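Novice: I'd like to ask you about the structure that follows.
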Amino acid sequence: MSTTPKLFTPLSIGPVTAPNRIAVAPMCQYSADDGSMTDWHLQHLMNLTMSGAGLVMIEATGVERRGRISHGCVGLYSDANERAMARVLAAARAVQLPGTLIGIQLQHAGRKASAQRPWEGGAALKAEQDPWQTVSASAKAFGPNWHTPEALDDAGIARTIEGFVQAAKRAVRLGLDVIELHMTHGYLVHQFFSPLSNKRTDQYGGSLENRMRFGLELMDAVYAAVPKSTAVGVRIAASDWMEGGVTVDEAVTFTAKLKERGAAYACVSSGGLDPAAQVKAGPNYQVGFADEIKKKTGITTRAVGMIVSPHQAEEILEKGQADQIALARAFLDDPRWGWHAADALGVDLKRPPQYDRARKALWPGEALKHR
C-alpha cells in the first residue's frame with residue numbers, strides 16, 4: 001500500500017489548513033500604481049492560485065506609502081489599494097484549485113525604501129526619481145550612496161504599528177486566510193532586531209530583549225486586531241551572515257516569544273540587512289536554520305531558499321527539518337510547478353479541466369518536449 005508523499009499531505013497552520021505543504025513565497029513584482037495592483041498582478045495571481053500550491057502568499061505589501069521598497073511596490077494603506085486588490089483576488093479565486101489558501105505579507109521597508117526597481121538598477125532613488133525620506137531604528141544608511149533614514153521616535157513607532165494594524169484589518173476584509181509579518185531581509189523589523197543596524201540607547205535598542213521589542217509589540221497589536229480565524233505568522237531573520245549580526249540562537253529566542261504571542265508559523269529566511277554580507281547561497285542553504293528553529297520552538301516552520309525540485313522538497317519534509325516548503329523563482333520559471341511535482345511524486349493532483357489534457361499520462365508530446 002503506497003503512502004502519500006509528505007509534500008502532498010494537509011498542513012494545519014493555526015486556524016487554517018492548507019491542502020498540501022507547497023507554498024508560493026511572496027515575490028515583489030514592482031508593477032503597482034501608488035500601491036494599487038494592476039493587470040499584471042491579475043494574471044500573476046491567477047496563475048499562482050491554479051499552480052498546485054496549497055498556500056499562495058501575496059508579495060511584500062507596504063503598510064504605508066513610505067514603507068514601500070519602490071514606486072512599483074504593492075501597498076494596502078488606502079481604499080484604492082484595497083479595491084484594486086479585491087479585483088485581483090476575485091479573479092484569482094475564480095480559478096484557484098480546491099482548498100488553496102491565499103495569504104499576504106505585510107511589511108515596511110524602513111531604510112531600504114525609496115529604491116529603484118531591480119531592472120532600473122535597484123539602488124536608492126536619485127533626486128530626479130521622486131525619492132522620499134526613509135525611516136529606521138537608527139539614522140544609519142543601508143549602504144554607501146543610500147538615503148540616511150530618520151530614527152523613529154516613540155510616536156513614529158506607534159504610527160508604524162498602527163499602519164500594520166490597519167493593513168491587517170483590510171486584509172481581513174479581503175478574506176485573506178493568512179497574514180505574515182515581514183521581519184527579515186533587512187526591512188524595518190529586522191533593522192530593529194539586528195545590532196548591526198540598531199544603535200539605539202532607549203528601550204528599543206541594546207540588549208536582545210530591547211531589540212525584539214518592536215517586533216513583539218507589532219505581533220501583539222496585529223494579533224489582537226484580527227479574528228482568531230485568520231492565521232498570523234512571521235518571516236524571521238535567522239542570520240545576517242556578518243560578524244556581530246543576528247545569530248540563529250537569537251532567532252530561536254525571538255521566534256519562541258512570537259509563538260507565545262500567537263504566531264502560527266515561522267518562515268525562516270536570512271540576509272538582506274547589509275550589502276556587504278557574504279551569503280553562502282546554495283541548495284537548502286537556509287534549511288538548517290529552519291530545522292533548528294522548528295526543533296527548539298516547536299512552531300510550524302516553513303523552509304525557503306533555493307529549493308527547486310520536488311524530491312528535494314520531499315526530503316526536507318521527510319527528515320522533519322520543516323513542515324512546509326516555500327518556492328519563489330521556481331514558480332516564476334514554472335507556474336505549474338505543483339502539477340509537475342505531483343507527477344514526479346506519483347500524486348493525482350486535481351487541475352483545471354481546461355488544461356487537464358496536457359497531463360503527462362494523456363499527452364504523447366510529454367516524451368518529446370525535452371529532445
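The values are calculated or read from the model by the stated rules, or taken from the named source; none is laboratory data. As the structure is a prediction and not an experimental result, all values here were calculated from the model. Backbone-built Cβ (ideal geometry, glycine too); neighbour counts: all protein chains shown. For accessibility, only protein heavy atoms count, side chains too; no ligands or nucleic acids. Shrake-Rupley method; radii C 1.70, N 1.55, O 1.52, S 1.80 Å.
Novice: Which number do you get for Rg(Cα) / (2.2 N^0.38 Å) in segment 53-127?
Specialist: With N residues counted in segment 53-127, Rg over 2.2 N^0.38 Å equals 1.27.
Novice: Shifting gears a bit: In a shell of Cβ-Cβ distance under 9 Å around Thr148, excluding Thr148 itself, what net charge do Lys and Arg (+1) and Asp and Glu (-1) give? Could you put the intermediate results ahead of the total?
Specialist: Values: positive: Arg111, Lys140; negative: Glu150.
Cβ neighbours under 9 Å give a net charge of +1.
Novice: Checking understanding here: applying a Kyte-Doolittle mean of at least -0.5 and a length along the axis of at least 24 Å (C-alpha), which whole DSSP H helices in the chain pass?
Specialist: Both cut-offs are met by 79-95, 154-173, 208-225.
Novice: Taking 37 °C and 0.692 mPa s as the conditions, I'd like the Stokes-Einstein D for segment 138-200 in µm²/s, using the Kirkwood hydrodynamic radius from alpha carbon pairs.
Specialist: Answer from the Stokes-Einstein relation: 245 µm²/s.
Novice: Something else about it: Around Arg21, under 12 Å between beta carbons, what's the net of Lys plus Arg minus Asp minus Glu among the other residues?
Specialist: Charge balance near Arg21 sits at -1.
Novice: Here's a follow-up. Sort 33-43, 278-288, 48-58 by packing, meaning the average of other beta carbons within 10 Å per residue, with the highest value first.
Specialist: For the peptides 33-43, 278-288, 48-58, the packing ranking is 48-58, 33-43, 278-288.
Novice: In nanometres, what is the gap between the two model label sites at Leu368 and Trp132, each 7 Å from Cα along Cα-to-Cβ?
Specialist: 5.3 nm
Novice: Here's another thing I want to ask about it. Taking only protein heavy atoms and a 1.4 Å probe, what accessible area per residue, in Å², does the chain have with all protein chains in place?
Specialist: 41 Å²
Novice: Shifting gears a bit: Across the Cα atoms of segment 161-247, what radius of gyration and what greatest pairwise Cα-Cα distance (Dmax) are found, in Å?
Specialist: Rg then Dmax for segment 161-247, in Å: 14.0, 43.
Novice: Go from 0 up to the bin containing the longest alpha carbon distance in segment 96-141, width 5 Å each, and give me the % of pairs per bin.
Specialist: 5, 17, 19, 17, 12, 9, 7, 8, 5, 1
Novice: Can you give the relative contact order of segment 217-371 as a percent, counting alpha carbon pairs under 8 Å and 6+ residues apart? Write out the running numbers ahead of the final one.
Specialist: Numbers: 202 pairs, mean separation 25.7, N = 155.
17 percent.
Novice: Which order do Thr160, Thr17, Thr3 take by accessible area at a 1.4 Å probe, largest first? Please list the in-between numbers first.
Specialist: On the way: Thr160 0, Thr17 75, Thr3 120 Å².
Final ranking, largest accessible area leading: Thr3, Thr17, Thr160.
Novice: Bin all alpha-carbon pair distances of segment 124-278 at 5 Å intervals from 0 and give each bin's fraction as a whole percent.
Specialist: Spelled out per bin, shortest first, that is 2, 10, 18, 21, 20, 16, 9, 4, 1, 0.
Novice: For the pair His340 and Arg159, what calculated FRET efficiency results from E = 1/(1 + (r/R0)^6), where r is the Cβ-Cβ distance and R0 = 41 Å, to the nearest 0.05?
Specialist: 0.35
Novice: Kindly state, to the nearest 0.05, the FRET efficiency for Glu315 paired with Ser78, given R0 = 51 Å and r defined as their beta-carbon distance.
Specialist: Values: r = 44 Å, r/R0 = 0.86.
So the FRET efficiency works out to roughly 0.70.
Novice: If we sort 108-115, 269-276, 94-101 on the protection proxy, mean other Cβ atoms within 10 Å, highest first, what's the order? It would help to have the intermediate numbers written out before the result.
Specialist: Working: 108-115: 26.6, 269-276: 19.8, 94-101: 16.1.
Most protected by this proxy first, the peptides run 108-115, 269-276, 94-101.
Novice: Please report how far the C-alpha centroid of segment 296-361 lies from that of segment 228-259, rounded to the nearest whole angstrom.
Specialist: Here the answer is 24 Å between Cα centres.
Novice: Restricting to Cα pairs below 8 Å that are 6+ residues apart, what does the relative contact order work out to for the chain? Please round to a whole percent.
Specialist: Values: 805 pairs, mean separation 60.5, N = 371.
Dividing the mean separation by the residue count of the chain yields 16 percent.
Novice: Kirkwood Rh over Cα pairs of the chain into Stokes-Einstein at 25 °C, 0.890 mPa s: D in µm²/s?
Specialist: Values: Rh = 20.8 Å.
The diffusion coefficient I find is 118 µm²/s.
Novice: On to the next question. Quote the accessible area belonging to Glu59 in square angstrom, nearest 10, computed with a 1.4 Å probe and with ligands, DNA and RNA left uncounted.
Specialist: So the heavy atoms of Glu59 present about 10 Å² to solvent.
Novice: Okay, moving on. With no solvent and one point per C-alpha, what does the Debye sum give as log10 I(q)/I(0) for segment 37-78 at q = 0.26, 0.28, 0.30 Å⁻¹?
Specialist: For the requested q values the scattering log ratios are -0.91, -0.97, -1.02.
Novice: Further, regarding this structure: Let me spell out the model: positive unit charges on the Cβ of Lys and Arg, negative unit charges on the Cβ of Asp and Glu, origin at the Cα centre of the chain. What dipole size does that give, in debye rounded to 20?
Specialist: The dipole of the chain has a size of about 640 debye.
Novice: Continuing with this model, one more query. In segment 315-357, which chymotrypsin sites (Phe, Trp or Tyr not before Pro) fall in coil by DSSP and have 12 or fewer other Cβ atoms within 10 Å?
Specialist: Those that pass, being in a loop and sparsely packed, are Tyr355.
Novice: List the chymotrypsin sites (Phe, Trp or Tyr not before Pro) in segment 85-181 that DSSP assigns to loop (not H, G, I, E or B) and whose Cβ has at most 13 other Cβ atoms within 10 Å. Which are they?
Specialist: Qualifying residues, ordered by number: Trp132.
Novice: So what is the relative contact order for segment 64-123, in percent, with contacts set as C-alpha pairs under 8 Å and at least six apart?
Specialist: Computed over segment 64-123, the figure is 54 percent.
Novice: What does the charge dipole of segment 1-77 about its Cα centre add up to, to the nearest 20 debye, if the Cβ of each Lys and Arg holds +1 and the Cβ of each Asp and Glu holds -1?
Specialist: So the dipole magnitude of segment 1-77 works out to roughly 320 debye.
Novice: Greater than 20 Å separation of Cα atoms is the criterion. Which listed pairs, Lys140/Lys169; Lys257/Lys319; Lys296/Lys319, meet it?
Specialist: Check vs 20 Å cut-off fails for Lys140/Lys169; Lys257/Lys319.
Novice: Could you give me D for segment 227-353, from Stokes-Einstein at 37 °C and 0.692 mPa s, where the hydrodynamic radius is the Kirkwood radius over C-alpha pairs? Units µm² s⁻¹, please.
Specialist: 209 µm²/s
Novice: Then there's this: Per residue of segment 66-78, what does 6.51 cos²θ - 1.76 cosθ + 1.60 with θ = phi - 60° give for ³J(HN,Hα)? Whole Hz please, x for Gly and Pro, Karplus curve as stated.
Specialist: Karplus values, whole Hz, x for Gly and Pro: 6, x, 6, 6, 9, 4, x, 7, 5, x, 9, 10, 9.
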